[in-house]
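The values are calculated or read from the model by the stated rules, or taken from the named source; none is laboratory data. Since we're looking at a predicted model, the values are computed, not measured. For neighbour counting, all protein chains shown are included, and Cβ atoms are generated from backbone atoms with ideal geometry for every residue, glycine included. We work out accessible area using only protein heavy atoms, side chains counted, and drop any ligands, DNA or RNA first. Shrake-Rupley method; radii C 1.70, N 1.55, O 1.52, S 1.80 Å.
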Amino acid sequence: MADEKGKEKIRSIDNAAITLIEKAQKENVSTVFFRADELKPCPIGVEESCCKICGMGPCRLPRPKKAGEEKDRAGVCGATIETIVARNFARKIAAGTASHSDHAREVAETFLKTAQDEAQGFAIKDEVKLLEVALDYGIETEGRESREIAIDVGKKALEQFGKQDGELVYIKKAPLKRQEIWRKLGVVPRGIDREVVEMMHRTHMGVDQDYKHLMLQATRTALADGWGGSMISTDLQDIMFGTPVPILGTFNTGVFKEDQVNIVVHGHEPFLPELLVTATHDPEMKALAEKVGAKGINLTGMCCSANEVLMRHGIPCAGNFLQQELALVTGAVELMTVDVQCQMQGLQDVSECYHTKLVTTSDRAKIEGAIHIEFHPENGLDTAKKILRMAIENYPNRRHAVYIPAETQDAVVGFSHETINYLLGGLFRASYKPLNDNIINGRIRGVAGVVGCNNVRTVHDSAHIAMVKELIKNDVIVLTTGCAAMACGKAGLLTPEAARLYAGSGLAEVCEAVGIPPVLHMGACVDNSRILIAATALVKEGGLGDDISDLPAAGAAPEWMSEKALAIGQYFVASGVYTVFGTTWPTLGSEKVTKHLFEEHEELYKGMWAYEPDPIKAAGMMIAHIDKKRKALGLDKARERVLYDMAMRRALD
Amino acid sequence: MGEYVYEEKESFDGKKVKVLGPTYEEGKPDAKNDWEAKLGSPEDRLNYLKTALRYWYSKDWFGSEKRKQEA
Ligand code: SF4
């Protein structure tokens, strides 16, 4: 499609996406790309200069168009623009935290049912992680059966949501200095639900009307996500489904197979996807597929559901957020399941244009017109088989010519923080020391977390890839999750060979010695908690200061779009990380609130926000921050670069 | 793996450095690297946590925070 100036609009850097967008256009199928052309962002809403939380409004208070015309802006009730912008921002953080944490609650409930033998098809798979989490929760383990320990872990995890006072249990995993900062500022979360509820209360009409005070509670809420809900999800999912270890995976829409039954699991919770993996191996299902003329069953994933089964089973990933509708445009998808978060309602219309059955599976999320088959762990495997059967029986109903783009890319995924620790030092000498040493000796300049969504307001995947390439070229190792990780996978950055092709000399040398990619796929969006733990391990190992804020490290979400991303960003900033967001920024309506987040947060948390839509400039800002931290640690001075070879690594084993 | 391969390159701070080439095996893995499977017994697991994950689970090893613990 051409823009107003007649130029062909670039929508993606991914050829598979581009060809499917063209197919959708030819077939007159509405997708997010075309809807975005027709619906421009509201200019007042985009800077959050609008309040609609009471019936006297909405109060629209845009910034003056011309410089020099600034005046104090306030709503009918007298709420200042600072209060309004901070309130809007805080509510987004509350929604993001609620999303990750409601996912976590489902995980904890399913975990408890699994421990009590009430969940069909699930088991306690990872005994090591069970022991680890039991130690975190202070649960007695000696001489006890795994099942008994798991029941206590499940109950303790559920308590984290409804606790009214004290501190969340994972807070004590953070560096000691960080804990002190949080306690001094009064932002240690007491209970996950309590912080979200209090945030909603304080942003109701006529309650907390001091933007700095509002942001303190927003921080406490975000910390209840990163060091609460998200961490609970990661840990308990690891116990039930296995802590990720390196595994070969494949990315992009080319993973569909023309002569097989194609199923896409989309959303965030890994329960049904895990059982679909089991069900696809059932001989009865295989026979049924043969009966309808298919050569097999091809289970694939999309968004974070994909990340979960990709890193544990090597299930191929058909694409990231902006490819969800495009996957159906291939005409090759028999059935797509969706559970919670990031699933566009537009999927239903697209599915009706083809033969695809769209199935909602969570009791919390229906889509009008979609088939609803609720997933409950008590009969989980039966439900998985029912859905799989429906997909297989739909195979003969393909009514469009199938077009599957050729693009696929292999990658190595599954870098949990435990696996990184193991790869660096071996089983019993597992250690972050080689990483710290190589940061100290300058081979690795620093560490960056590049995470987050796709956003149709920027060219699909372009900001992720430009930023990540710029970082690794400058010897910054990248940890990635979510849709950013998938963008990296599709672009070939998650292979050990990528080190030679794209990384600076020092980073390439370390990656090639250890046999790891320069960009490490750490999982789904809830697994940003793995990055917090890896950062803490770097601190505790020694030599790089005594807090996360001392590390030569930075974070970014160049294509963010969801409220969850803002919650993630706020907990990274509050954990001491300089965090740069791209595409758009939701506090520009108030200079004071923006200054508070971009500058004054550094005084409070030693981490702060930044906004830069140009990914190369944003990477430059991250590198400048990393160099600032290197200088503060005295690492800018010339140091002997000890050659890090296999013999030295073996000596550690 | 035969002889190591070294190359001369420039580091980010502009210095010439000698770097080691790839030392990992060529090709793609056909199974996942399930290193945790080596931990068979409960004692092995606890020992692993106390050594490998000493950052949190060892009583006498606190890395950069050792001084703080003693104070
Ligand atoms: S709370 Fe105040 S600013 Fe917001 S809509 Fe009501 S009157 Fe307007």
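When the surface is traced with a 1.4 Å probe over the full set of protein chains, A:Phe415 keeps roughly 0 Å² accessible.
In order along the stretch A:260-274, phi translates into HN-Hα couplings of 10, 6, 9, 10, 10, 9, 10, x, 9, 8, x, 5, 4, x, 4 Hz, rounded to whole numbers, per the Karplus curve 6.51 cos²θ - 1.76 cosθ + 1.60 with θ = phi - 60° and x for Gly and Pro. On the basis of the beta-carbon distance and an R0 of 56 Å, A:Ala36 and A:Glu142 show a calculated FRET efficiency of 0.45. Computed over the stretch A:368-438, relative contact order equals 12 percent, with contacts defined as Cα pairs under 8 Å that lie 6+ residues apart.
The largest-to-smallest principal axis extents of the Cα set in the stretch A:370-444 are 61, 39, 21 Å. For the protein assembly as shown, the normalised intensity computed at q = 0.06, 0.09 Å⁻¹ comes to -0.34, -0.79 (log10 of I(q)/I(0), Debye sum over alpha carbons, equal scatterers, no solvent). A:Met390 exposes around 50 Å² of accessible area when a 1.4 Å probe is run over every protein chain in place.
Please list, by residue number, everything in the stretch A:518-546 whose backbone N is under 20 Å from a paramagnetic label point 7 Å out along Cα→Cβ of B:Lys15. The answer is A:543-545.
Figure note: A:Lys592, B:Lys59, A:Lys295 ranked by solvent-accessible area, largest first, 1.4 Å probe, ligands and nucleic acids not counted: B:Lys59, A:Lys295, A:Lys592. Compared with the alpha-carbon gap, the fully stretched path from A:Glu180 to A:Met390 is longer by 70.2 nm at 0.36 nm per residue. For peptide A:123-133, the mean count of partner chain Cβ atoms within 10 Å of a residue's Cβ comes to 3. When the Cα atoms of the stretch A:81-241 are aligned to their principal axes, the ranges along those axes come out at 57, 35, 21 Å in descending order.
Entry for the stretch A:528-581 at q = 0.14, 0.28 Å⁻¹: log10 I(q)/I(0) = -0.36, -1.12, Debye formula applied to identical alpha-carbon scatterers, no solvent contribution. Within straight-line reach of A:Lys257, meaning a Cα separation under 29 Å, sit the following lysines at least 8 residues removed in sequence or on another chain: A:Lys23, A:Lys26, A:Lys286, A:Lys291, A:Lys295, A:Lys357, A:Lys366, A:Lys385, A:Lys386, A:Lys490, B:Lys28, B:Lys32. The HN-Hα couplings worked out from phi for the stretch A:11-22 by the Karplus form 6.51 cos²θ - 1.76 cosθ + 1.60 (θ = phi - 60°) are 10, 7, 9, 9, 4, 4, 5, 4, 5, 6, 5, 5 Hz, whole numbers, x standing for Gly and Pro.
Calculated FRET efficiency, B:Lys59 to A:Gln345, Cβ-Cβ distance, R0 = 51 Å: about 0.45 to the nearest 0.05. Amide H contacts of A:Phe581: A:Ala557, A:Ala610, A:Tyr611, A:Glu612, each under 5 Å away and 5 or more positions distant or on a separate chain (H built 1.01 Å from N in the peptide plane; Pro and chain starts excluded).
Please report, in debye to the nearest 20, how large the charge dipole of the stretch A:81-241 is about its Cα centre when each Lys and Arg carries +1 at its beta carbon and each Asp and Glu carries -1 there. It works out to roughly 780 debye. Accessible area per residue (1.4 Å probe, heavy atoms of protein chains only) ranks A:Met622, A:Met344 as A:Met344, A:Met622, with the largest value leading. At full extension, A:Lys631 and A:Cys54 could sit 202.8 nm farther apart than now, given 0.36 nm per residue minus the alpha carbon distance. Were the residues from A:His376 through A:Val197 laid out at 0.36 nm apart, the gain over their Cα-Cα distance would be 61.8 nm. Per residue, the convex hull spanned by the Cα atoms of the stretch A:418-632 amounts to 103 cubic angstrom. Taking all protein chains as shown and a probe of 1.4 angstrom, A:Val265 keeps an accessible surface of around 0 Å². For chain A, the Cβ-based charge dipole about the Cα centre amounts to some 1420 debye (Lys, Arg positive; Asp, Glu negative; other atoms uncharged). Each label was represented as a point 7 Å from its Cα along the Cα-to-Cβ direction; for A:His204 and A:Glu258 these points are 6.1 nm apart.
Tell me the relative contact order for the stretch A:183-322 as a rounded percent, counting alpha carbon contacts under 8 Å between residues six or more apart. 24 percent. In the stretch A:211-256, the residues that give up 10 Å² or more of accessible area when the other protein chains are added, compared with the chain on its own (1.4 Å probe), are A:Thr243, A:Val245, A:Pro246, A:Ile247, A:Leu248. Annotation: amide H of A:Thr243 has no partner in the under-5 Å range at sequence separation 5 or more or interchain, hydrogens built in the peptide plane.
The aspartates and glutamates within cross-link reach of A:Lys9, meaning a Cα-to-Cα straight distance under 17 Å and a gap of 8 or more places when in the same chain, are A:Glu22, A:Asp37, A:Glu38, A:Asp461.
Between B:Asp44 and A:Glu159, what is the FRET efficiency for a Förster distance of 30 Å, r being their Cβ-Cβ separation, to the nearest 0.05? About 0.50, to the nearest 0.05. Where the centroid of each part is defined by its Cα atoms, how far is the stretch A:86-135 from the stretch A:340-384 in Å? The two parts, judged by their Cα centres, are 21 Å apart.
Per the Kirkwood formula applied to alpha carbons, the stretch A:490-559 shows a radius of gyration over Rh ratio, Rg over Rh, of 1.00.
Residues whose amide H lies under 5 Å from that of A:Arg445, counting only those 5 or more places away or on a different chain, are A:Val476, A:Ile477; hydrogens are built 1.01 Å from N in the peptide plane.
Averaging the sequence gap over all C-alpha pairs within less than 8 Å and six or more residues apart, then dividing by the number of residues, gives chain A a relative contact order of 16 percent.
Looking at the protein assembly as shown, the DSSP beta bridges with both ends there are about 25 percent antiparallel.
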